[in-house]
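To start, the structure itself, in structure tokens.
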Amino acid sequence: MTSKIVKDAFAAIMQQMRTDTALLTKEEGGSPIRNPPTAAEDARLASLISLDNILKKIKEVLRQSSTGPLRKSKKKALLQSLDDLSSQMPSLLDIDHPCAQKQIMEARNAVESQEEDPDDPALNPNLQSTLGESEVSQWNVLQFNTGTTAPFIIKCGANSNCELVIKSDLRVQEPKGGEVIRVLPRPSVLADLNFEDIKGTFEQLPEAVSLLALARTADGTRARYSRLYRTLASKVPALKEIVAEMERGGVFKDVRS
């Protein structure tokens with residue numbers, strides 16, 4: 001379906017390049033020389049390659065969503081993956097936008113229409129901590145020191161949905177409230193939130209996240225949170241490819257605040 005669209009477009013542009021290319025002769029009897037591709041042709045090919053990559057990832061999302069009732073966290077992760085693909089649209093030429101937008105929208109509708117698993121333990125708040133910990137096979141420990149509090153630790157890992165999971169004390173200072181486990185939202189989740197909504201999101205996470213990411217403005221906070229997310233995710237081997245993909249898609253905002 002989707003791959004055929006790209007293959008047909010790729011074949012068409014290659015045929016156009018062969019048709020439009022002039023053969024030059026240095027002198028009579030010399031070997032014909034083919035003109036190199038134009039900048040427009042190079043840009044078109046690059047766009048098609050990017051489109052093909054996006055469509056392949058959409059196909060994978062659809063495959064994962066067609067296995068039956070989805071856990072709430074799994075559905076959320078798949079929808080987030082589609083959001084990340086939408087953020088890669090600037091890598092396409094305008095002519096390829098309608099195709100990508102159509103496929104992303106259809107995939108989103110397919111994922112959203114999937115029933116949620118009624119036996120999903122994540123729907124029970126009392127089981128969230130146990131669920132998260134049981135799905136993380138390895139914790140990586142990082143220590144932070146802001147200079148305003150005692151040094152504190154954040155443990156990070158990946159769950160079965162390839163989401164970044166952290167484990168840290170609820171509060172940095174006493175009474176710390178014990179360790180809690182939370183899935184850390186991807187930076188793109190904050191893109192359309194205002195400052196108050198961002199702070200509300202942070203309230204659902206260990207206090208350490210706010211201390212490290214909260215700035216005086218929404219843009220500054222998004223930049224700090226983006227750096228924090230990349231720092232933590234980069235320490236998790238299972239997330240290496242996802243981090244690289246997010247970097248290519250421009251998800252990370254390395255703006256100094």
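What the table below lists for this structure:
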quantity: Failed item, numbered, when Ile198 is tested on (1) among the aliphatic types (A, V, I, L, M); (2) more than 22 Å from Lys74 (Cα to Cα); (3) not in a helix (DSSP H, G or I); calculated: (3)
quantity: Failed item, numbered, when Tyr225 is tested on (1) surrounded by 20 or more Cβ atoms within 10 Å (Cβ to Cβ); (2) assigned to a helix (DSSP H, G or I); (3) in contact with a Lys or Arg (Cβ under 7 Å, 6 or more places away or on another chain); calculated: (3)
quantity: Pick from segment 213-222, criterion buried (at least 18 other Cβ atoms within 10 Å of the Cβ) and not small (Gly, Ala, Ser), ranking: farthest from the chain's Cα centre (by Cα); calculated: Thr221
quantity: Answer residue from segment 160-178, given it is in contact with a strand residue (DSSP E or B) (Cβ under 7 Å, 6 or more places away or on another chain) and closer than 30 Å to Gln64 by Cβ and is modelled with the lowest pLDDT among those; calculated: Glu163
quantity: Residue list for segment 156-195, restricted to those being β-branched (Val, Ile, Thr) and over 27 Å from the mean Cα position of the chain (by Cα); calculated: Val172
quantity: Some residue of segment 162-175 being in a helix (DSSP H, G or I) and outside the structural domain of Ser73 (by TED's automatic domain parsing); calculated: no
quantity: Hits in segment 202-246 (condition: free of Cβ contacts under 8 Å to residues at least 12 places away in the same chain and either in contact with a helix residue (DSSP H, G or I) (Cβ under 9 Å, 6 or more places away or on another chain) or among the hydroxyl-bearing types (Ser, Thr, Tyr) (or both)); calculated: Glu203, Ser210, Ser234, Lys240
quantity: Near pairs, Cβ below 7 angstrom, 6+ apart or cross-chain, from segment 88-117 (closer than 15 Å to Glu60 by Cα) to any residue that is of a type in the set (Val, Ile, Thr) and at pLDDT 90 or above; calculated: Ala100/Ile54; Gln103/Ile58; Ile104/Ile58; Ala107/Ile58
quantity: Among the residues listed as Ile242, Ile153, the single one being part of a helix (DSSP H, G or I) and either more than 20 Å from the chain's Cα centre (by Cα) or under 19 Å from Ser81 (Cα atoms) (or both); calculated: Ile242
quantity: Output for segment 180-238, where each listed residue is among the acidic types (Asp, Glu) and over 16 Å from Phe252 (Cα atoms); calculated: Glu196, Asp197, Glu203, Glu207
quantity: Leading residue by the ranking (farthest from Pro98 (Cα to Cα)) among those in segment 26-43 that are modelled with pLDDT under 85 and either surrounded by 11 or more Cβ atoms within 10 Å (Cβ to Cβ) or of a type in the set (Phe, Trp, Tyr) (or both); calculated: Ile33
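Every residue, every condition in (1) surrounded by fewer than 21 Cβ atoms within 10 Å (Cβ to Cβ); (2) in contact with a Gly (Cβ under 6 Å, 6 or more places away or on another chain), yes or no:
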| site | (1), (2) |
| --- | --- |
| Asn140 | yes, no |
| Thr148 | yes, no |
| Phe152 | no, no |
| Arg171 | yes, yes |
| Gly178 | yes, no |
| Leu193 | yes, no |
| Asp197 | yes, no |
| Gly200 | yes, no |
| Pro206 | no, no |
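The values are calculated or read from the model by the stated rules, or taken from the named source; none is laboratory data. Quick caveat: nothing in here was measured; it's all calculated off a predicted structure. All Cβ positions, even for glycine, are placed from backbone atoms using ideal geometry, and neighbour counts span all protein chains on display.
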